[in-house]
Structures are given as structure tokens and as C-alpha cells.
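This report refers to the structure that appears directly beneath it.
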Amino acid sequence: MKALSQKRRHPLAAIALLLMGLLLTGGLYAVATTVNQAKADTTSFSASDVEEGGKLFAANCATCHGMGASGTQDGPSLVGVGAAAVDFQVGTGRMPMQMSGPQAQKKPAQFNEEQTKQLSAYVASLGAGPAIPEEHLLDGKGDAANGGELFRVNCAMCHNAAAAGGALTRGKFAPGLAGVSAEHIYEAMATGPQNMPVFNDSNVTPEDKRDIITFLKTIEANGSPGGAELGSLGPVSEGLFVWVAGLGVIIAFTIWLTSRTS
Amino acid sequence: MSASSTAEAPFVPKTKVGSFTNFVDERVGGSGILREFGRKVFPDHWSFMFGEVALYSFVILLMSGTFLTFFFDPSMAETHYQGSYTPLYNVEMSVAYSSSLNISFDVRGGLFMRQVHHWAALLFVASLGVHMLRVFFTGAFRKPREMNWVVGGVLLILAMAAGFTGYSLPDDLLSGNGLRIIDGVIKSIPVIGTYTSFFLFGGEFPGTAIIGRLYVLHILLVPALILLMIVIHLFMVVVHKHTQYPGPGRNDGNVVGYPLGPVYAAKAGGFFFIVFGVLALMAAAFTINPIWNYGPYDPSPVSAGTQPDWYIGFVDGALRLMPGVINDFHFEWVIFGRTLTLNVLLPALVPAGIIFTVLFMYPWIERWITKDNREHHVLDRPRNAPTRTAIGVAGFTWYCVMWAAAGSDLIATHFHVSLNDVTYWLRALFFIGPVIAFIVTKRIALALQRKDREIALHGRETGRIVRLPHGEFIEVHAPLDEYKRYKLVGFESPAPIPAQPNEHGVVTRKEKRRAALSKWFFEDRVAPATPAELEAAHAHGHHEAIAAGEDQKSLSH
């Protein structure tokens, strides 16, 4: 200990200290981020899947994403985005993109399940990334109350507390989540499509993601306890309704009540 | 007659019911009151019934609200929800929110009552607003009703206060966000803002006191004040008697309509049940303020689509329209170590301040400009007061721009446009919208007046085309009957009053300003057709008819 304190003014002490600090933080970071490391793909993709996917990719996606998915001016590189990203973008019809715009719009899927799987296999083979989620995370049997809290804290500011969707800047928007499959919800959280941030496994654990899905599926299945929900858009649609329908009906009655005189 | 007969022999009722009612009547004088009020005459027009709608909504609010107080607990103590709504089971929340959820899910009829209460609140303020618009555009605020107009304005403010305090009670995320904005607005007031906020919330926002305090205001103070104002308002309606639309036989000295009893009272009573029925149907079939969606209040999350109820919307919209920075000009300064945030202070308080100041002062402004000190019991048709109508529409447009801005995010998503563009357009409309509205409205009003004049003078177009013997085509005009014509010619069209010297023979600068405003107010005018003009027009029409009939006279044309 004494030897160490005597050497503390050595010219190289600062460098040694810096090195130690860097090693420590780097090491800790490496340990911490293993949580986020791409998991081994549980969906078994066969070699023929990858091969067929490559052909589909070259024919349908390479115009923008480049041969080998290395990216061009018109589209980002897809190396390392993982099978989950492909399954989400292609499975919801957002890719191939219909037209350029503030963000890719949902539309009927252009590829069937088999082809989507092959494309996912191809892109997954290019580099490790988030995989298609396991079945038990999508069963909707988690804790809805916990999911609701997580949803309000992490998701509601864009997607609305009732998951009805909301506006973002310059024509972008967060879509409503009714009718979105559990798999796609999970994949969106894991890969952060469009303007959505990535909620990786250290932010929101797979179990928490399962709870969020449970919450969304519960409120969707529950329906609206108070009658027609008017779009779940809050006071604006309520105000519009009372002015147009409520006051409209009342005015019709006032005209009826006073119609037989003068 | 009756007085003399009672003096001779006291009235002896023949039946048991008769003797009972007579007993009561001799002590409280009910028949006298009934005789007085039962003969009050009310003119019939659909647009006169919005005040009634507001009154009935208020009665429904009192009834449904009383029910809700039986089950609501305004405590901000923390609890874990144990009720039957599973997506919130065991979630930490305040007792106030938990009891609101219990009213919604575990009290029989509770959700229905909550929804009746909330829909009635929205309808209450909406019908108040429409009632005030009707009063404004028909000139019903003129002498002797200026003070009643002010009472109405106070009622509007109280209704908004009642609405907002109630909106905040369930302590859900949506209402908590609303309170946070109010807190921000209060804190933006220079010097006293922070102190006021700490006083109101009992410390730093949100604290543990605010729900209880708002509850007292919501169920005690504000409704009591509203009730007081309603009494004053209705008392003045009885004193002034009701206004009426212009028509044959109607003037400032009479009221043409139906007596209160029995038909009108029955109609009004029936109308209460119609309003109740409409509100009950809305409450049964359409959800309002689904607090279970929003979750308990927590200062960190803010949901998309967070808006206040519609009547506070214009303030929220003004806040949304205000830029924080224009180029390099910041609206937030630190002066003597205190922050002055004009980007909150200006939009939150200035437009509302302007709207209510002009609203309260308008009867006096118009009286000063027009020098009209007469009593008015016959209303103006809006077209016959073009400048006033234009001012009203301009103000309403300004309000609507701010109102729309409160829903800018939903306009963007539902019409697939950029939120930024919506904001830019509304910012532009905030300044030019009222100007355009003023010009367009005034021109439309004048055009309608010209059309009225044309119809009064020449009759209505029948669509029957007649070819005269010399080849000319004319369309036959049918003359109006006298009742319809009265409506088109029976109004005043005041001319500008030039500046007048005062008693010292001096034309003051204020008087010159008034004269300039008077010119602006009445310069563009379409005078109603005079009897002489009507006479001339009729003679002409008659002459034309003769000319059409007789060949020789067509030479004279």
C-alpha cells in the first residue's frame, strides 16, 4: 500500500489511472450490454430459407437497400437489423414501401408467411439482430396491470393512453394499436420501426413486453365499458359529439316545440 | 269583482280538496303568485330555448352530482386498487381515483350517473355559449338588458370554473396533466405566480391537498354562485319581460306570445324531460371521460391526445399556437433573478382576457358609439345590424381558431396532414381569420339586406316566364303578403351620427373618436324600403302588368 502511495506522483500514474478507468467502464459496459446481445435464433431457418430469401431480396428489396442489403442512398443497410425487423416491416405491409413519405404506411402484406420467413432468414444471416420472439412471450397471459403502467410510462405519449394513436411532427404519426398482432407489437418494441425508439431487453425485459402485450390485448378484448368509445380520442371527440349530435338533437326538438305557433 | 264578492261573503270551498287548497292559499297567497306568473307572456321561437337548455342541464347536474358525492372520496391518500377492473388491479393510486373507478365499475348505475353528469356539463356550457351568441347577434343585450348580459357572462365563467374543477377530481392521468398546465400558467404570472401556486396546491405540485380543495369549490362554492346568478338572471328576465323578433303587431311596448300557464309551462316542463332524455341516451350509449383508460395520475407520463374539455380548449389551443422562439428572439427572460415566461403568460391569459373584457363591455361600447339610449324589446335580425354581426363573427372566428388549435394533433392524424403545417396555418388564421370573417360577414349581411329590399319592392320571383307580344321576355314577380313584407321592411337602419359639440360648444377629441367609430359602424347601410318607395314600386308593377295586357301601350316603353 505504501509503495503505491509513493508512486502516486509518478509521471505515468495519470495514464495508468486513465487506463484502469477505461478498462473498468468498458468492461462493465460489455457485461451490461450482453443483455442486449442478439439471441440465437430460435426459429430454425434452414439453408434453403436463406437462399430463397436472398433471391426474393434481390428481386424486391435490393433497389433501395442494395445488393447484399448493404444500403444505398434510398434505403438503409439491413445488416444486423435482425429477423424481427424484417418480420415486422414485411409482415405489416410497410415494406416494400408504397411511396416515399414522412413514414412507411401500413398496407396489405405483399408477401405470404413463407416468403416473409425466407426474407427474415436471409437478413438474419447477414448479421446478428433481434430475433422473432418466442411463442410464450406472445400468449397474452402476463400481468395486465403491470403492462398498463409500463404502457402509460413508455408508450402512451405517442400512442395515446388507450392505444388509439397520435400525431408526431411533420406528418409522422404513432399508429393506433387495435388489431395489431402480439408478434408485431413485440417486434416493434424490439426493433423500433419508423420513428419509434428501440425498447431493448434491458429497458423493457421480455417479460415486461409480454405484460404490455397482455394489457393491450385485454383492453382490446374488454371493449368500452361505457358505450361507444368515440374513437378513444379524449375530450376533442367528446366536445365534437356534444356540439354536433347533442346540441343538434336538442335544436331539432326546440324547432319542433315551437313549430305550431306564430 | 272578486274582491267585492269576498268582502260580502267569504269563499267557502265545497270539497275536501278545495278546503285544503284554500287553507294553504289563504296563508301563502299561491293563487296571487300564479295569477301574476301564469300570465307572463313568452314569445315562441326555437332560438329562445337555449337558456332553458342550460337551466335544465344545470338541474340535471345537481341531481346526478348529488348521487356522485355519495360515493366519491376526495382523498389523495395512496391506496392499491382492489376493484373489479383488472387492467388496474393492485395498481398504486389515490383514493380519489380509486373511488372514481368504483363509481364506474362497482356502484350500481354509477357509470351511467358519471356519464350523465359529464355529458350534462358539456351541454351546460355549450348551451350557455349558444344562448349568448343568440343574445349577441339579435341585439338582446341592449337597454334595459345590459346588466343581465353581464350576469350571463359571469355565469359562463362560473360554468367553466365548475367544469374545470370537476374535470380534475377523478385524479386520473388526463385531469392531472390539465392541472399541471394550470399550475404552469399560474406560475408564469410575474412575482405572485409561484406563491399563488404554492398556496393553491399546499406546497409543490401536485401535493396532497388539491383534490379536496377543488372538491369543496366544485360541490359547494361554484354551484352556489351559479344558483345565485341564475336567480338574479331569471329575476331580471321577469322584470324586463322577454324580447321578441320583429313582426306585425310587435313593438317595444308589448310582448306577443303565449302566457306561461298552462300551455307554456307544460311545454317547458316537457322540454326538461326531453333534455334529460337526450342526455340519458347519450350517457347510456356513448362513453365520456373513460378514466380507466388514462390510469392514475403520475407527474411523469403524458398521453397523446391530452386535451381539456371543450370549453377550456381555446386556452389550450392558444398555448399550442404560441412559439417559444421566433428566429433568435426568446420569449423567456430572466429579470432580477426571476423568470418571466411570456410564451406561457401571453397565450394563456391574454386571449381569454380580451374575449371576456370585450364581451362584458360590448353593450356599453355599442351604446356609446350609436348614442342609442332607448329601450329595445324588439330584436334585430342579424343581417339588419351588419357591423355588429360582423364583429360577433370575427370574435367567434378568433375563438374557433384557438379552439381548433387545441385539437391540432387530431386534425393532423385524421386529415393526414403535417402537425407543423396545421400549426402554421392556425397561427396565420389567428391574425387574419377575424379580419376575413369581419369583411365577409358584413358583405353577406348587406347583400341579404339588399335581397330583402329587392323582394319587398318587387315581390318574389315566381319562375314563370312570359313573352310579351313585341318579343320581350319577362319573369312574373308575385307580390308578398303584408305579413311577410313587414318582416323585410320593419327595421331601423341608423345613419352615422357626426361629432356633436358638448354643452360648451366644444367638439371633444373623444367625441371625434366616437363619430369616427359611428361612421365605421353605420357607413355601409341598406335602408329599408319606405312606404313611398313601396308605393312607387307597386304602381310600376301594376303599370307593367297593364302594359303586358294591352298592345297599344307597349309603345310607351
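Taking the range B:84-195 as the region of interest, the helices (runs of 4 or more DSSP H) fully inside it that hold 1 or more residues being farther than 22 Å from B:Leu349 by Cα and within 14 Å of another protein chain (Cβ to nearest Cβ) are B:95-105, B:110-137, B:173-188. Among the conditions (1) within 26 Å of B:Phe137 (Cα to Cα); (2) more than 10 Å from chain A (Cβ to nearest Cβ); (3) surrounded by fewer than 18 Cβ atoms within 10 Å (Cβ to Cβ), B:Leu260 misses just one, which is (3).
Among B:Leu457, B:Leu410, which is modelled with pLDDT of 90 or more and assigned to a helix (DSSP H, G or I)?
Just a single option satisfies the conditions, and that option is B:Leu410.
For residues in the range B:518-533 being buried (at least 17 other Cβ atoms within 10 Å of the Cβ) and assigned to a helix (DSSP H, G or I), which is nearest to the chain's Cα centre (by Cα)? The selected residue is B:Phe521.
Among what's in the range B:30-84 and is small (Gly, Ala, Ser) and without any contact (Cβ under 8 Å) to a residue 60 or more places away in the chain, pick the residue that is surrounded by the fewest Cβ atoms within 10 Å (Cβ to Cβ). That would be B:Gly32. A:Asp87 meets all of the listed conditions (1) farther than 30 Å from B:Thr306 by Cβ; (2) within 14 Å of another protein chain (Cβ to nearest Cβ); (3) assigned to a helix (DSSP H, G or I) but one, namely (2). Somewhere in the range B:312-334, is a residue out of contact with any Cys (no Cβ under 7 Å at 6 or more places or on another chain), of a type in the set (Val, Ile, Thr), within 14 Å of chain A (Cβ to nearest Cβ) and surrounded by fewer than 13 Cβ atoms within 10 Å (Cβ to Cβ)? No, the range B:312-334 contains no residue that is out of contact with any Cys (no Cβ under 7 Å at 6 or more places or on another chain), of a type in the set (Val, Ile, Thr), within 14 Å of chain A (Cβ to nearest Cβ) and surrounded by fewer than 13 Cβ atoms within 10 Å (Cβ to Cβ). For the range B:223-242, the condition holds for at least one residue, the condition being that it is among the small types (Gly, Ala, Ser), modelled with pLDDT of 95 or more and either in contact with a Cys (Cβ under 7 Å, 6 or more places away or on another chain) or farther than 30 Å from B:Met93 by Cα (or both). Scanning the range B:451-465 for residues that are more than 10 Å from B:Arg383 (Cβ to Cβ) and surrounded by 12 or more Cβ atoms within 10 Å (Cβ to Cβ) yields B:Arg453, B:Glu454, B:Ile455, B:Ala456, B:Leu457, B:His458, B:Gly459, B:Arg460, B:Glu461. Scanning the range B:371-401 for residues that are in contact with a Lys or Arg (Cβ under 9 Å, 6 or more places away or on another chain) and among the polar types (S, T, N, Q) gives B:Asn373, B:Thr387, B:Thr389. Within the range A:94-108, if we keep just the residues that are modelled with pLDDT under 90 and closer than 27 Å to A:Asn200 by Cβ, the residue that is surrounded by the most Cβ atoms within 10 Å (Cβ to Cβ) turns out to be A:Met95.
Would you be able to say whether some residue in the range B:188-211 is closer than 19 Å to B:Glu36 by Cα and touching a strand residue (DSSP E or B) at 6+ places or on another chain (Cβ under 6 Å)?
So far as the range B:188-211 goes, no, none of its residues is closer than 19 Å to B:Glu36 by Cα and touching a strand residue (DSSP E or B) at 6+ places or on another chain (Cβ under 6 Å).
Considering only residues that are polar (S, T, N, Q), within 29 Å of B:Leu448 (Cα to Cα) and touching a Gly at 6+ places or on another chain (Cβ under 8 Å), which ones fall in the range B:384-421?
Hit for the range B:384-421 is B:Thr397, nothing else.
Is it the case that A:Met157 is within 7 Å of chain B (Cβ to nearest Cβ) and either assigned to a helix (DSSP H, G or I) or more than 29 Å from B:Pro299 (Cβ to Cβ) (or both)? Judged against the criteria, A:Met157 is a match.
I'm checking my understanding of the structure. Among residues of the range A:210-235 that are surrounded by fewer than 16 Cβ atoms within 10 Å (Cβ to Cβ) and outside any loop (DSSP other than H, G, I, E, B), which one is nearest to the other protein chains (Cβ to nearest Cβ)? That would be A:Ala228.
Scanning the range A:130-154 for residues that are in a loop (DSSP other than H, G, I, E, B) and either surrounded by fewer than 17 Cβ atoms within 10 Å (Cβ to Cβ) or within 8 Å of another protein chain (Cβ to nearest Cβ) (or both) gives A:Glu134, A:Asp139, A:Lys141.
Restricting the range A:168-195 to residues that are in a loop (DSSP other than H, G, I, E, B) and polar (S, T, N, Q), the residue that is nearest to the other protein chains (Cβ to nearest Cβ) is A:Thr169.
Conditions (1) assigned to a helix (DSSP H, G or I); (2) away from chain A (no Cβ under 14 Å); (3) within 30 Å of B:Gly247 (Cβ to Cβ); (4) touching a strand residue (DSSP E or B) at 6+ places or on another chain (Cβ under 7 Å), marked per residue:
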{"residue": "B:Lys14", "(1), (2), (3), (4)": "no, yes, no, no"}
{"residue": "B:Asn22", "(1), (2), (3), (4)": "yes, yes, no, no"}
{"residue": "B:Leu34", "(1), (2), (3), (4)": "yes, yes, yes, no"}
{"residue": "B:Ser47", "(1), (2), (3), (4)": "yes, no, yes, no"}
{"residue": "B:Tyr56", "(1), (2), (3), (4)": "yes, no, yes, no"}
{"residue": "B:Leu62", "(1), (2), (3), (4)": "yes, yes, no, no"}
{"residue": "B:Leu68", "(1), (2), (3), (4)": "yes, yes, no, no"}
{"residue": "B:Pro74", "(1), (2), (3), (4)": "no, yes, no, no"}
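All of B:Pro299, B:Pro248 fail the test of being part of a loop (DSSP other than H, G, I, E, B), under 30 Å from B:Val401 (Cα atoms) and more than 8 Å from every other protein chain (Cβ to nearest Cβ), apart from B:Pro299. Only residues that are among the charged types (D, E, K, R) and under 28 Å from B:His131 (Cα atoms) were counted across the range B:56-78, and they come to 0. Hey, could you check the range A:115-129 for residues that are among the hydrophobic types (A, V, I, L, M, F, W, C) and surrounded by fewer than 23 Cβ atoms within 10 Å (Cβ to Cβ) and say which is nearest to B:Leu410 (Cα to Cα)? Per the stated criteria, the residue is A:Ala128. For A:Val249, state whether it is more than 7 Å from chain B (Cβ to nearest Cβ), free of Cβ contacts under 8 Å to residues at least 24 places away in the same chain, out of contact with any Phe, Trp or Tyr (no Cβ under 9 Å at 6 or more places or on another chain) and not polar (S, T, N, Q). Against the criterion (more than 7 Å from chain B (Cβ to nearest Cβ), free of Cβ contacts under 8 Å to residues at least 24 places away in the same chain, out of contact with any Phe, Trp or Tyr (no Cβ under 9 Å at 6 or more places or on another chain) and not polar (S, T, N, Q)), A:Val249 does not qualify. Closer than 20 Å to B:Leu319 by Cα, touching a Gly at 6+ places or on another chain (Cβ under 8 Å) and surrounded by 20 or more Cβ atoms within 10 Å (Cβ to Cβ): does that describe B:Leu173? Considered against the rule, which asks whether it is closer than 20 Å to B:Leu319 by Cα, touching a Gly at 6+ places or on another chain (Cβ under 8 Å) and surrounded by 20 or more Cβ atoms within 10 Å (Cβ to Cβ), B:Leu173 comes out as yes.
Can you go through A:Gln194, A:Gln115 and tell me which one is closer than 27 Å to A:Leu78 by Cβ and more than 18 Å from the chain's Cα centre (by Cα)? Result: A:Gln115 is the single residue among A:Gln194, A:Gln115 that is closer than 27 Å to A:Leu78 by Cβ and more than 18 Å from the chain's Cα centre (by Cα).
Residue by residue through the range A:151-203, note down the ones that are under 18 Å from A:Glu229 (Cβ atoms) and basic (Lys, Arg). Once the filter is applied, which keeps residues that are under 18 Å from A:Glu229 (Cβ atoms) and basic (Lys, Arg), the range A:151-203 yields only A:Arg152.
The values are calculated or read from the model by the stated rules, or taken from the named source; none is laboratory data. In this text the structure is predicted, and so the values were computed from the model without any measurement. We place every Cβ from the backbone using ideal geometry, glycine too, and count neighbours over all the protein chains shown.
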